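Colleague: My structure is below; once you've seen it, I'll send some questions.
The values are calculated or read from the model by the stated rules, or taken from the named source; none is laboratory data. In this text, all values refer to a predicted model and were calculated from it rather than measured experimentally. For accessibility, only protein heavy atoms count, side chains too; no ligands or nucleic acids. Shrake-Rupley method; radii C 1.70, N 1.55, O 1.52, S 1.80 Å.
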Amino acid sequence: GMLHGGHLGSADASDIEIINNHIHHLAGTDPYEHCVYFNGNRVLIEGNNIHDCPGSGMTFHQSGTGATSRDFIVRHNLIHDLPGGPCIRLVGDNHVAYNNLCYDAGDATHPPLTIALASPDNSKFYNNTVYNNRSSLACIYISSSSNPATNNVVRNNLCWGGVDDRILDQGTNS
């Protein structure tokens with residue numbers, strides 16, 4: 001990947017590890033200015049302290065060529081103080097996010113969720129802790145967009161002290 005203006009991103013990157021970094025204080029107020037914005041395949045995001053960005057902590061999307069991102073592992077990260085976005089937003093297939101701590105994220109005017117699974121298939125969220133979630137939609141969200149999420153697992157997550165601490169599942173077979 002590359003570091004550019006506080007964004008970490010690359011088109012069609014594979015076999016990438018982002019480990020033990022401090023990613024913080026991205027300038028600006030645009031809710032699309034994410035601390036980490038990434039796409040690709042077989043990516044490990046582990047042990048990072050990510051905070052104070054106007055958008056999300058981590059957003060993983062399809063590639064610049066439209067290919068689906070696959071096989072991300074997001075674990076043991078501290079993600080906090082995000083006024084306009086989720087801690088983790090996954091798009092693609094076969095992702096797993098576990099043992100992450102997220103707090104003070106989202107707001108009512110920017111409904112992206114604290115942890116969002118947006119149209120992925122076969123992804124897992126477990127053993128994550130979320131508190132002081134400011135999103136008015138949900139703590140954990142499985143999307144129902146035009147391409148509904150299918151066969152995802154959300155288990156043993158703790159959501160507390162937020163505006164809305166529920167898990168909203170609009171996927172299929174989740």
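Colleague: Quickly run through segment 138-164 and pick out the residues that are at pLDDT below 75 and open to solvent by 60 Å² or more (accessible area, probe 1.4 Å).
Modeller: Hits for segment 138-164 are 146, 147.
Colleague: Going through segment 25-44 one residue at a time, which ones are under 15 Å from the mean Cα position of the chain (by Cα) and either closer than 18 Å to residue 120 by Cα or open to solvent by 10 Å² or more (accessible area, probe 1.4 Å) (or both)? Talk me through it step by step, then tell me what you get.
Modeller: Looking only at segment 25-44, we keep the residues that are under 15 Å from the mean Cα position of the chain (by Cα), and these are 31-40, 43-44.
Selection gives 31, 32, 33, 34, 37, 38, 39, 40, 43, 44.
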